[in-house]
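Heads up: the structure comes next, in structure tokens.
The values are calculated or read from the model by the stated rules, or taken from the named source; none is laboratory data. Bear in mind that the values here come from a model prediction, so they are computed numbers and not experimental data. Cβ sites come from the backbone with ideal geometry, for glycine too, and all protein chains shown count toward neighbours.
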Amino acid sequence: MYLDSTFIILIPLMILAAVASRGVKTTFEKYHRIRSARNITGAEAAQLMLNRNGIYDVKIERISGNLTDHYDPRSKTIRLSDPVYSNASVASISVACHEVGHAIQHAMGYKPLSFRTALLPAAQLGTQAVWPLFFIGLILSFPALMQIGIIFFSFSVLFQLVTLPVEFNASSRALQSMEETGILIAEENDGAKKVLKAAAMTYVAAAAMAIGQLIRMLLLSNRRR
């Protein structure tokens, strides 16, 4: 990574990201050891929540990895990681129901989710293209190339910002549905809130890091001029 005085902008953001990552791992591990009173797995909880909300066209699949859970709106598929799919812990159920929250958003036409899905290709392209374009422009003193890199990266920043309300809303829907359906009992809902809050902080950290990187790129670009 290019190092100069502007790199100091990223240091506190890197610390925030590390703290958020550690926080979600430790919180998940803590509540992963607590078995739910209903003794249902993450996959079973997800199916119950889908049925409760009248959603019958969404599949639930198992995927490898740890905390790789996500909802794919293109194929209407909830993919749950190994520690979530077949485990009956409070943490597993919380994560599974959060992903159902995204499926509910999709079924209800939640606009921020639709916007984020539409942004995804541009955001992925921006993430891949930004560094070659920007730093080649920086090294060769080619401001136009740097500006193109900044424009590409702006799509990634916008994607991260739109992700925040999408994730917060999915967690809110999950918590409400878990309480209404009794998937978790009262004491367990407190644990679910902590798990989902810790997960949300990783998205906050990612958005902050993206904004910090964009600011740094703008500073470097202005300095080169």
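Being assigned to a helix (DSSP H, G or I) and of a type in the set (Ser, Thr, Tyr) is the filter; apply it to region 102-146 and report the residue that is modelled with the lowest pLDDT. Working first, answer last.
Filtering region 102-146 for residues assigned to a helix (DSSP H, G or I) gives 102-107, 111-139, 143-146.
Right, trim to of a type in the set (Ser, Thr, Tyr) and you get 114, 117, 127.
Details: Ser114: 95, Thr117: 93, Thr127: 81.
Looking at the filtered set, the residue picked out is Thr127.
Considering only residues that are within 30 Å of Arg38 (Cα to Cα) and under 16 Å from the mean Cα position of the chain (by Cα), which ones fall in region 148-192? If you could, list the steps in order and put the result at the bottom.
If we filter region 148-192 for residues that are within 30 Å of Arg38 (Cα to Cα), which is where we start, we get 166-192.
Val166, Glu167, Phe168, Asn169, Ala170, Ser171, Ser172, Arg173, Ala174, listed by residue number.
I'm told Tyr56 meets every condition in (1) over 23 Å from Arg79 (Cβ atoms); (2) exposed (fewer than 15 other Cβ atoms within 10 Å of the Cβ) except one. Can you identify the failing condition by its number?
Of everything listed in (1) over 23 Å from Arg79 (Cβ atoms); (2) exposed (fewer than 15 other Cβ atoms within 10 Å of the Cβ), Tyr56 misses just condition (1).
Can you name the number of the only condition in (1) within 30 Å of Glu187 (Cβ to Cβ); (2) in a helix (DSSP H, G or I); (3) touching a strand residue (DSSP E or B) at 6+ places or on another chain (Cβ under 8 Å) that Leu48 fails?
Of everything listed in (1) within 30 Å of Glu187 (Cβ to Cβ); (2) in a helix (DSSP H, G or I); (3) touching a strand residue (DSSP E or B) at 6+ places or on another chain (Cβ under 8 Å), Leu48 misses just condition (3).
In region 147-157, what count of residues is obtained for those that are hydroxyl-bearing (Ser, Thr, Tyr) and either surrounded by 20 or more Cβ atoms within 10 Å (Cβ to Cβ) or modelled with pLDDT of 95 or more (or both)?
Of region 147-157, the ones hydroxyl-bearing (Ser, Thr, Tyr) are 154, 156.
With either surrounded by 20 or more Cβ atoms within 10 Å (Cβ to Cβ) or modelled with pLDDT of 95 or more (or both) added as a condition, the list becomes 156.
So the count comes out to 1.
Across region 83-101, what is the number of residues that are surrounded by fewer than 24 Cβ atoms within 10 Å (Cβ to Cβ) and outside any helix (DSSP H, G or I)? Give the derivation first.
Going residue by residue through region 83-101, those that are surrounded by fewer than 24 Cβ atoms within 10 Å (Cβ to Cβ) are 83, 85-88.
Okay, now just the ones that are also outside any helix (DSSP H, G or I), so 86-88.
Residues in region 83-101 being surrounded by fewer than 24 Cβ atoms within 10 Å (Cβ to Cβ) and outside any helix (DSSP H, G or I): 3 in total.
Please name all residue pairs, on different chains or six or more residues apart, with Cβ atoms under 7 Å, provided the first residue is in region 177-205 and is more than 13 Å from Cys97 (Cα to Cα) and the second residue is part of a loop (DSSP other than H, G, I, E, B).
Ile185/Ala37; Glu188/Ser36; Glu188/Ala37; Gly191/Ile34
Could you tell me which residue of region 66-81 is farthest from His32 (Cα to Cα), considering only residues that are touching an Asp or Glu at 6+ places or on another chain (Cβ under 8 Å), of a type outside the set (Val, Ile, Thr) and assigned to a strand (DSSP E or B)? Don't jump to the end; show me each part of the working.
Filtering region 66-81 for residues touching an Asp or Glu at 6+ places or on another chain (Cβ under 8 Å) gives 66, 69-71, 76-81.
Those still in the list that are of a type outside the set (Val, Ile, Thr) too: 66, 69-71, 76, 79-81.
Right, trim to assigned to a strand (DSSP E or B) and you get 70-71, 79-81.
Values: His70: 18, Tyr71: 21, Arg79: 18, Leu80: 14, Ser81: 13 Å.
Only one residue tops the list, namely Tyr71.
Looking at Tyr31, is it assigned to a helix (DSSP H, G or I), among the aromatic types (Phe, Trp, Tyr) and either at pLDDT below 95 or crowded, with 16+ Cβ neighbours inside 10 Å (or both)?
Details: assigned to a helix (DSSP H, G or I): yes; among the aromatic types (Phe, Trp, Tyr): yes; either at pLDDT below 95 or crowded, with 16+ Cβ neighbours inside 10 Å (or both): yes.
Judged against the criteria, Tyr31 is a match.
Please tell me if Glu167 is among the charged types (D, E, K, R) and within 20 Å of Gln124 (Cβ to Cβ).
On the way: among the charged types (D, E, K, R): yes; within 20 Å of Gln124 (Cβ to Cβ): yes.
The answer is yes for Glu167.
From the residues in region 158-204 that are assigned to a helix (DSSP H, G or I) and of a type in the set (Val, Ile, Thr), which one is surrounded by the most Cβ atoms within 10 Å (Cβ to Cβ)? Walk me through how you get there before you give the answer.
Step one: list which residues in region 158-204 are assigned to a helix (DSSP H, G or I), which gives 158-181, 186-204.
Cutting the leftovers down to of a type in the set (Val, Ile, Thr) gives us 162-163, 166, 181, 195, 202, 204.
Values: Val162: 20, Thr163: 20, Val166: 21, Thr181: 16, Val195: 24, Thr202: 19, Val204: 17.
Filtering region 158-204 for residues that are assigned to a helix (DSSP H, G or I) and of a type in the set (Val, Ile, Thr), the one surrounded by the most Cβ atoms within 10 Å (Cβ to Cβ) comes out as Val195.
At negative phi and in contact with a strand residue (DSSP E or B) (Cβ under 6 Å, 6 or more places away or on another chain): which single residue out of Ala129, Ala103, Ala118, Ala123 fits that description?
Numbers: Ala129 fails: in contact with a strand residue (DSSP E or B) (Cβ under 6 Å, 6 or more places away or on another chain); Ala118 fails: in contact with a strand residue (DSSP E or B) (Cβ under 6 Å, 6 or more places away or on another chain); Ala123 fails: in contact with a strand residue (DSSP E or B) (Cβ under 6 Å, 6 or more places away or on another chain).
One residue alone meets the criteria, Ala103.
Exactly one condition in (1) without any contact (Cβ under 8 Å) to a residue 12 or more places away in the chain; (2) closer than 17 Å to Ile215 by Cα; (3) of a type in the set (A, V, I, L, M) is not met by Ile139; state its number.
Only one criterion is unmet by Ile139, namely (2).
Out of Ile55, Ile60, Ile40, I need the residue that is of a type in the set (Val, Ile, Thr) and not in a loop (DSSP other than H, G, I, E, B). Which one? Walk me through it before giving the result.
Working: Ile55 fails: not in a loop (DSSP other than H, G, I, E, B); Ile40 fails: not in a loop (DSSP other than H, G, I, E, B).
Criteria check complete, one pass: Ile60.
Looking at Phe153, is it aromatic (Phe, Trp, Tyr) and either farther than 13 Å from Pro73 by Cβ or touching a strand residue (DSSP E or B) at 6+ places or on another chain (Cβ under 8 Å) (or both)?
yes
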